[in-house]
1. So between THR95 and LEU22, what do we pick up on full extension, going 0.36 nm a residue minus the alpha carbon distance?
2. Please rank ASP43, ASP86, fewest neighbouring Cβ atoms within 10 Å first, as an exposure proxy.
Amino acid sequence: MSPATEPSTETVDDAPLRSPALSVDEQRRALDRALDALSQLADDTSVPRNIRRGAQAAREGLAKSRAALDVRIATAVGALDELANDPNLPTHGRTAIWSIISSLESLQ
């Protein structure tokens, strides 16, 4: 066999790539940024009213500390995902929602 067709003897680590765990302070700052972004979306008059209401509801649910953080994040991500699929949502609103979802998912 030529070197190009020989199987590699190198071992491959099958562990998924994950970023190091965030500190509590970093999590809090990231959560605050997501809450601010949701507030901005809720105040954006170029976005339909139902999207603004949904963003405000997601923000309020995320801000409550009665439930565990991962549960609050999952609930908010689910609600935002539904909002992102609204056909009346302008492109900039959809991009903002995707950005918020991405930042929330990085906290889990």
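1. 23.8 nm
2. The order, fewest Cβ neighbours first, is ASP43, ASP86.
Computed from the coordinates by the stated procedures, all read-outs in this text should not be read as laboratory data. What you are looking at is a predicted structure, and each value in this text was computed from that prediction instead of being measured. Note that each Cβ is placed from the backbone with ideal geometry, even for glycine, and that neighbours are counted across all protein chains shown.
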